[in-house]
1. Starting from the exponent 0.38 and prefactor 2.2 Å, build the expected Rg for region 290-409 from its residue count and divide its actual Cα Rg by it.
2. Measure nothing fancy, just the Cα-based angle from helix 128-176's long axis to the longest principal axis of the chain, in degrees from 0 to 90, nearest 10.
3. For a quick check: with amide H placed at 1.01 Å from N, whose amide H comes under 5 Å from C394's, ignoring anything fewer than 5 positions away on the same chain?
4. Expressed as a rounded percentage, what relative contact order does the chain have, with Cα pairs under 8 Å and six or more residues apart?
5. Which of the aspartates and glutamates could be linked to K28 by a straight reach, that is with a Cα gap under 15 Å, when you skip same-chain ones fewer than 8 residues away?
6. Normalised radius of gyration for region 145-271, please: alpha carbon Rg relative to 2.2 N^0.38 Å, two decimal places.
7. Can you find, among L143, A130, A210, the residue farthest towards the positive end of the dipole of region 123-219? Put +1 on the C-beta of Lys and Arg, -1 on that of Asp and Glu.
8. How big is the dipole moment of region 180-244 about its Cα centre under a simple scheme where the beta carbon of each Lys and Arg is +1, that of each Asp and Glu is -1, and everything else is neutral? Debye, nearest 20, please.
Amino acid sequence: MGVTGPPGPVMDRDEVDRALARLGAEHKAVEDSLLALQDHAGRRLLEGAGLTGTTRERWASTERTITVLWSCFDAYTAALRGAREVRSRHKWPSREELAELTERLRGDSVHVPGGAGEEALLAERFTLDALVRRMNELYAASLDVVVTADAVWSALPARIDLLAAELGRTRSLAHSVGVRPGEHPAGDELESITAELTELRSQVVTDPLAFWRPAAGSSAPGGGRPDTVRYDRAALALEDVRREIEAVLAVRQDSEERLLRLRDVLSRADRTLAEARVARGEVLAKIAASEVPAVSGPPTALQERLQAAAEYRRHARWHRLSPLLDALEREAEEELLRARDQLTAVTAPLAVRAELRGRLDAYRAKAARLGGADDPFLTERYDTARRMLWSAPCDLRAAEQAVLRYQRAVADLVSGPSDGPSDTGGRQW
């Protein structure tokens, strides 16, 4: 829809003809725009929809605006027809006719009859140019509502329906692995997403203008985009649930192998603890004056939970099996490490005795290389240490001191006799 030029003095014949041609083109453009608005799909949907909220209020106002717009157009059509009739009287119009045409084409000669609520418009008269500007304003306001509603209806309901279809598939998959409302958080989340999508679609259908985000600074009809915040939030929530269900499915696929690994780990922990208990008895029998830590019993609690996991798998309760397997794998590894630590702690005295035995034999071999194999003093020190280390129960503290005395005696053999008494019993070399 266009805008005509400014008014001027009395027009001549050529100016009148040019103005009529221009106004005729304006009339055609206005008519085409109004007919397009009348046939617009968004308008037909608005007329047939049960609207609520913002959309109901704005569409009621827009319907009144469209009625006024048609009244303006009818008045514009009548004024243009009247001017054409005056011009058609004579090929060369008289000055009076030119004055009348100037008034019709440029003066406030158009009266627009309106309906209730349009008192301000009824109190005015318009030039044809002003009336075109007025129709432009009314048309833009009406088109904005129609285009905006149509854009929302074209975008959001279809996307919501696609997401709802995906939600249905996800719910079926969740049901197949035991993820149900009241039994698993993901099942509750699916119910929440379902309710949200149902409510969202209903609101979008009945109040589309509430889901429109206008473009900042834009005055064009329909400037902006649909508000998809709630839709996007529901889509992200569904994606999170889908990933969780996929994790449950992965549990279903590899649960047997994971259960076998768990049994193996717990069996190794049990065997290690059994070995530690046997070793503790051996230490108590062979090592004197040594504090030996107690050994815990077998991991019966873990075994019971492992049995529960097997039951979950047998009854396809994958949503319960998934977190239980994760916890069991972590705790079983910790149990195996504890069992190994207990075995190490229990056998520490035996390891000390073995180290002392090895050290004693090493120094004996060193003494033999230095020619002290038949030395009675070294032999006496060696025999004392050996009796302590190979007797049961073995006093580790006393045996260690005996080994140290033998080490010093061999060291003295290497360095030669000292000038004074030593801790080897007063012997001098």
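Throughout, read-outs are computed from the coordinates displayed, never taken from laboratory work. The structure presented is a predicted model; accordingly, all values stated were derived computationally and were not measured. Counting neighbours? That spans all protein chains shown, and the Cβs are built from the backbone with ideal geometry, glycine included.
1. Normalised Rg, Cα atoms only: 1.87.
2. 30
3. Sorted by chain and number, the residues that satisfy this are I287, A288.
4. That works out to 13 percent.
5. Straight-distance partners of K28: D74, D129.
6. Dividing the Cα Rg of region 145-271 by 2.2 N^0.38 Å gives 1.57.
7. Sorting the options by dipole projection puts first A130.
8. Approximately 380 debye in magnitude.
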